[in-house]
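Participant: After the structure tokens below, expect a handful of questions from me.
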There are 2 protein chains.
Amino acid sequence: MTDMSEDTKSIREMCDAFGVTPRTLRFYEAKELLFPHRDGQKRLFTKRDGARLKLILRGKRFGFSLEEIRQLLDLYHIGDQQITQLSRTFEIACDRLNDMVRQRDELNEAIEELQDQLKWGEKVIASMQSDQEAAE
Amino acid sequence: MTDMSEDTKSIREMCDAFGVTPRTLRFYEAKELLFPHRDGQKRLFTKRDGARLKLILRGKRFGFSLEEIRQLLDLYHIGDQQITQLSRTFEIACDRLNDMVRQRDELNEAIEELQDQLKWGEKVIASMQSDQEAAE
DNA sequence: CGTCCAGCTTACGTTAACGTCAAGATGCTG
DNA sequence: CAGCATCTTGACGTTAACGTAAGCTGGACG
């Protein structure tokens, strides 16, 4: 047994836990989204890294870029400092929300449009099939 | 007057008509999405190119990749041939529609989630601001 | 005739978020 | 000790859909 669970995870455990690749975790570290400790040269991911990663993945679902996520994460961290920065975060999030709403609305339009097209297409195919049958 | 409108458009007219850049049109030609004629070395875009471009742009709104769009366009063109191919097109479009619906639903979830977070954030900011005031 | 404008081709640049080697360190195990 | 797995750091590759710049051409205008 890898002894494990002294509250820190190896990179592999981390990957398995969150369904990402090692490359991704190193990448996130390089981008200063995660700050794993070290044992020698090996990374040790703490609970805090886990929490951050969870937020990162959620952020991605929201459609934030990693850079935006980094900023948001940084602002989580300050806690006591600059209110201005925090409300800036807030703005970013609001913007993103608006983007998402817009995007959704566009999607809804597109969906309807495409559904119409498909009805059309159904008819065409149907008629072509009867043509085919008629031709036999 | 550039005489124009002998049913063909120059690249610029085309761009103005559809709100794209020349680069884009050349790119689409390179990708075999459009087939403008030539007058010497200058491109002449026909009505057919216009129709195709309209479909291309719509396809993009739907979230199709240019490659997918090319395939769909090719299948429009056959007209008389293979029904199988046509229904294949149909399937692709259906798949895309399902993708879009899924995507929209995810977006809706994300939007709600983010809205919740924002309520949270509002409170935090409000309380911090009163802290700030209290500190002065 | 000069010059200006629109268009052409070729080709390298861009961005995001990793993937994919390569080469070396470390550690366990039989 | 050999071997193997797992980790590390670098560094270059990938994809999509164009952007951008350089250098050439051909016609129109004054």
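The values are calculated or read from the model by the stated rules, or taken from the named source; none is laboratory data. Because the structure is predicted, anything quoted here is derived from the model rather than measured. Don't worry about glycine lacking a Cβ; one is built from the backbone with ideal geometry, like all the others, and counts go over all protein chains shown. Note: accessible area is taken over every heavy atom of the protein model, side chains too, but ligands, DNA and RNA are not part of it. Shrake-Rupley method; radii C 1.70, N 1.55, O 1.52, S 1.80 Å.
Participant: Rg (Å, one decimal) plus Dmax (Å, integer) for the alpha carbons of segment B:1-81?
Facilitator: Spelled out, the Cα radius of gyration and Dmax of segment B:1-81 are 12.9, 43 Å.
Participant: For the pair B:SER130 and B:ASP95, what calculated FRET efficiency results from E = 1/(1 + (r/R0)^6), where r is the Cβ-Cβ distance and R0 = 51 Å, to the nearest 0.05?
Facilitator: E(calc), rounded to 0.05, equals 0.45.
Participant: Could you work out, residue by residue across A:50-61, how many beta carbons of other chains sit within 10 Å of that residue's beta carbon, and then give the average as an integer?
Facilitator: The shielding value for this peptide is 1.
Participant: So who's got an amide H within less than 5 Å of the one on B:LEU44, skipping anything under 5 residues away but keeping other chains? H placed 1.01 Å off N, in plane.
Facilitator: The list, which skips near neighbours in sequence, is B:HIS37, B:ARG38, B:ASP39.
Participant: Taking every residue in B:96-104, how many Cβ atoms of other protein chains lie within 10 Å of its Cβ, on average?
Facilitator: Mean number of neighbouring Cβ atoms from other chains: 4.
Participant: To continue, here is another question. For B:ARG12 and B:TRP120, calculate 0.36 nm times their separation in residues minus their Cα-Cα distance, and state this gained length in nm to one decimal.
Facilitator: Between B:ARG12 and B:TRP120, full extension yields 33.8 nm more.
Participant: Label-to-label distances across copies for A:ASP39, with labels 7 Å out along Cα→Cβ, in nm, shortest first?
Facilitator: Here A:ASP39 shows inter-copy label distances of 7.5 nm.
Participant: Additional query: Could you list, in their original order, any pairs among A:LYS47/B:LYS119; A:LYS9/A:LYS54; A:LYS60/B:LYS54 whose Cα atoms are separated by more than 23 Å?
Facilitator: A:LYS47/B:LYS119; A:LYS60/B:LYS54, as the Cα separations exceed 23 Å there.
Participant: Ignoring ligands, DNA and RNA, how much accessible area is buried between chains B and A, both sides summed, with a 1.4 Å probe, to the nearest 100 Å²?
Facilitator: 3200 Å²
Participant: Still on this structure, please answer the following. With every protein chain kept in place and ligands, DNA and RNA left out, what is the accessible area per residue of segment B:1-81? Probe 1.4 Å, answer in Å².
Facilitator: Per residue, segment B:1-81 has an accessible area of 66 Å².
Participant: Rounded to the nearest percent, how much of the accessible area of segment A:1-64 (1.4 Å probe, protein heavy atoms only) is carbon and sulfur?
Facilitator: Its accessible area is 52 percent carbon and sulfur atoms.
Participant: Please give the average number of partner chain Cβ atoms lying within 10 Å of the Cβ of each residue in B:62-71, rounded to a whole number.
Facilitator: Other-chain Cβ atoms within 10 Å of each residue's Cβ, averaged: 1.
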